[in-house]
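Structure first, commentary second.
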Amino acid sequence: MKDAHEVYQKKLGAAQDAVARIPRTANISFGLGPSNPPALLASLAERVEAGGVDEIHLYYQIAKDGAKPLFKTKYLDRLRFHPNFMSDLDRALIQETGTSSVIDFMPCYLWQLPRAYSEFNHIDVFMITVSPMDKHGYFSLGTSCDYSSTIARNCDLTFVEVNKNMPRVFGENLIHVSEVDSIVENDTPLLELQERPLSQKDLTIGNRIAEMVPDGACLQFGIGGIPNAVAKSLTDHRNLGIHTEMLTSSVVDLYDAGAITNRKKNIHRFKTVYTLCWGTKRLYDFIDDNPSVESYSSQHINDPAVIQLNDSVVSVNSIIEIDLLGQVNAEYVAGHEFSGVGGQRDFMSGAFRSKGGMSFLAFYSTAKNDQVSRIVPRLSGVVTDSRMEPMYIVTEHGVTNLKGKTNSQRALALIELAAPQFREELLSNAKGMGLIR
């Protein structure tokens, strides 16, 4: 083929010129979080404002600052929002309009999402922030392989926004200049996810989980204070591995402590692998051009059949509430979608199939300044995980394994994990539900 730099220059142009190629009616997707392409999305908003589109369906996860120009009530007659994982922009639009119908959520497990987008909801245009092109003509998708690597190769038009701040990562994370249709350059700082200070509850729960994690375990962490606290408590462990949906800054601390070697893994041995990355600049610098770090599609990383191939998989995630039957709501608040499924269930299933594997659902026992119990008689939202799924449940009051427990045993065990002021009422509820005598 032609010299890669010659092809690059031919495809390079202004964001407005790239967006002008989008059909008036189209399905559009874009990279999540730090991979939101701000110049391209701002130009799309300008075209919407000018009346240059008829009906655009947006399919995405975690729309943040880069996508903010699109989230306006005056565009609702032309834009349809279909997140698979909600963010503050989605919730703000619901609050402003007073109805959750303005966000048409698309439920899907993360490991199935690439196929859902590419096969069942054909994407016409995909836009994403990428690293600068290397001498061989390859860009890296950097922080966002997830559904991006699949859609970028299965849509009609792929637009990339080249940013020198996007890390270059190996694995299935590379896309060649010949595979893209328009190139835009925009060196803005990447969106960072700052870690909040750990509370005493975080540390209590984190220590409790870490005590159960063996040396040589293969780890998956979710997002938030509790997973970060678990990582903080694992610094004295050895030969840990990482096979995770989301790579966060806490992993760098484990590397610095010498806890991670990946030598005990059966697949991707000696490699830290992830499907999406979001954290601080320190994390982005760590993964940049690092041969020990690779990224793959969520169709691979989050597939329970792949996860199980490693031994001693440990999955740590959080939830919103659990009922006395063991059913879990991890996404609904106040009657509407608040976040999404993510990869929680993917890793719960894969960890259970793994030899010696364990999954933990960890959360504070209360919410709203201790006024509301998060262990409830019946869920107030959707069932994210059926009662058959959870293994270890952890709060600041203890830990229990629901596997093998009868209805009465699990109800009593969960009540013990609730805040003391709610236990008597929960016990009365359990009796009224016929769960215990």
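Maximal additional length on extending the Asp65-Asn266 stretch stands at 68.5 nm, based on 0.36 nm per residue less the C-alpha distance. Where in region 344-369 does the amide nitrogen come within less than 20 Å of the point 7 Å from the Cα of Lys403, taken along Cα to Cβ? It comes to 344-363, nothing else. Descending by average beta-carbon neighbour count within 10 Å, the peptides 287-295, 422-430 line up as 287-295, 422-430, the highest first. Overall, the ratio between the Cα radius of gyration of region 351-409 and 2.2 N^0.38 Å, rounded to two decimals, is 1.25. For region 321-346, the residues whose amide N sits under 14 Å from a probe point set 7 Å from the Cα of Arg387 along the beta carbon direction are 322-329.
Where a ≥ b ≥ c are the square roots of the eigenvalues of the C-alpha gyration tensor, would you call region 221-264 rounded, which needs a/c under 1.5, or, failing that, prolate if a/b is larger than b/c, or oblate? Cα axes put region 221-264 in the oblate bin. Going 7 Å from the Cα of Asp187 in the Cα-to-Cβ direction, what parts of region 151-169 have a backbone nitrogen less than 19 Å from that spot? 160-169, by backbone N distance to the label point.
Highest mean packing comes first when the peptides 246-257, 266-277, 187-198 are listed by Cβ atoms within 10 Å, giving 266-277, 246-257, 187-198.
Entry for region 4-185 at q = 0.17 Å⁻¹: log10 I(q)/I(0) = -1.05, Debye formula applied to identical alpha-carbon scatterers, no solvent contribution. Once both labels are positioned 7 Å from their Cα atoms along Cα-to-Cβ, the gap between Ala50 and Lys281 label points is 3.5 nm.
For the pair Asp256 and Gln95, the difference between a 0.36 nm per residue extended length and the Cα-Cα distance amounts to 53.7 nm.
Would you mind classifying region 1-75 by shape? Square roots of the alpha carbon gyration tensor eigenvalues, ordered a ≥ b ≥ c; an a/c under 1.5 is rounded, otherwise it is prolate if a/b is larger than b/c and oblate if not. Because a/c hits 1.5 or more and a/b exceeds b/c, region 1-75 counts as prolate. When only Cα pairs below 8 angstrom with a gap of at least 6 residues are kept, the chain shows a relative contact order of 13 percent. Cα-based radius of gyration for the chain, normalised by 2.2 N^0.38 Å, reads 1.01.
For the chain, the longest principal axis of the alpha carbon atoms and the long axis of helix 200-210 meet at an angle near 90°.
Relative protection proxy for 144-153, 113-122, from highest mean packing down: 144-153, 113-122 (other beta-carbon atoms within 10 angstrom). Couplings 3J(HN,Hα) of region 70-75, computed from phi: 7, 8, 10, 4, 5, 9 Hz, in residue order, whole Hz [Karplus 6.51 cos²θ - 1.76 cosθ + 1.60, θ = phi - 60°; x for Gly and Pro]. Between region 1-78 and region 400-437, the alpha-carbon centres lie 50 Å apart. Here region 200-432 is treated as a Stokes sphere of Kirkwood radius computed over C-alpha pairs; at 37 °C and 0.692 mPa s its diffusion coefficient rounds to 183 µm²/s. One chain, two ends: Glu416 and Leu12. Fully extended at 0.36 nm per residue, the span grows by 139.3 nm beyond their Cα-Cα distance. Derived scalar couplings between HN and Hα for region 231-243 equal 4, 4, 8, 9, 5, 8, 6, 9, 6, 6, x, 10, 9 Hz in order, rounded to whole Hz, by the Karplus curve 6.51 cos²θ - 1.76 cosθ + 1.60 (θ = phi - 60°), x for Gly and Pro. At q = 0.15, 0.17, 0.27, 0.30 Å⁻¹, what log₁₀ I(q)/I(0) does a Debye calculation on the Cα points of region 91-153 give, no solvent, two decimals? For region 91-153, the Cα-only Debye profile gives -0.66, -0.78, -1.08, -1.16. For Asp77 and Asp215, FRET efficiency with R0 = 60 Å and r from the beta-carbon atoms, rounded to 0.05? About 0.55, to the nearest 0.05.
In the chain, the DSSP beta bridges split such that about 25 percent are antiparallel, to the nearest 5. For the chain, the mean residue ellipticity at 222 nm estimated from helices alone is -7000 deg cm²/dmol, where every DSSP H run of n ≥ 4 contributes -39500 (n - 2.57) and the total is divided by all residues, rounded to the nearest 500. Residues Phe347, Phe338, Phe81, ranked from the fewest to the most other C-beta atoms within 10 Å, line up as Phe338, Phe81, Phe347.
Within the P(r) computed for region 52-101, what percentage of the Cα pairs occupies the region above 17 Å? Roughly 27 percent, once rounded to a whole number. Please go through the residue pairs Lys271/Lys355; Lys135/Lys265; Lys68/Lys281; Lys10/Lys271; Lys201/Lys281; Lys64/Lys368 and name each one whose alpha carbons sit more than 29 Å apart in this structure. Going by Cα-Cα distance, Lys135/Lys265; Lys10/Lys271 fall outside the 29 Å limit. Take the Cβ atoms of Arg24 and Arg437, set R0 to 60 Å, and the FRET efficiency comes out at 0.40. Across region 262-269, rounded Karplus estimates of 3J(HN,Hα) from the backbone phi angles (6.51 cos²θ - 1.76 cosθ + 1.60, θ = phi - 60°) give 6, 6, 8, 6, 8, 10, 6, 5 Hz, Gly and Pro being marked x.
When only Cα pairs below 8 angstrom with a gap of at least 6 residues are kept, region 121-161 shows a relative contact order of 57 percent. Note on the chain: with charges restricted to the Cβ of Lys and Arg (+1) and Asp and Glu (-1), its dipole about the Cα centre is near 1060 debye.
Overall, region 209-274 carries a charge dipole of about 340 debye about its Cα centre when +1 sits on the Cβ of Lys and Arg and -1 on the Cβ of Asp and Glu, all other atoms neutral.
All of the numbers you see were taken from the coordinates with simple rules; none came from a lab. As the structure is a computational prediction, the values presented were derived from the model and not from experiment. So basically every Cβ, Gly included, is an ideal-geometry build from the backbone, and we count neighbours across all protein chains shown.
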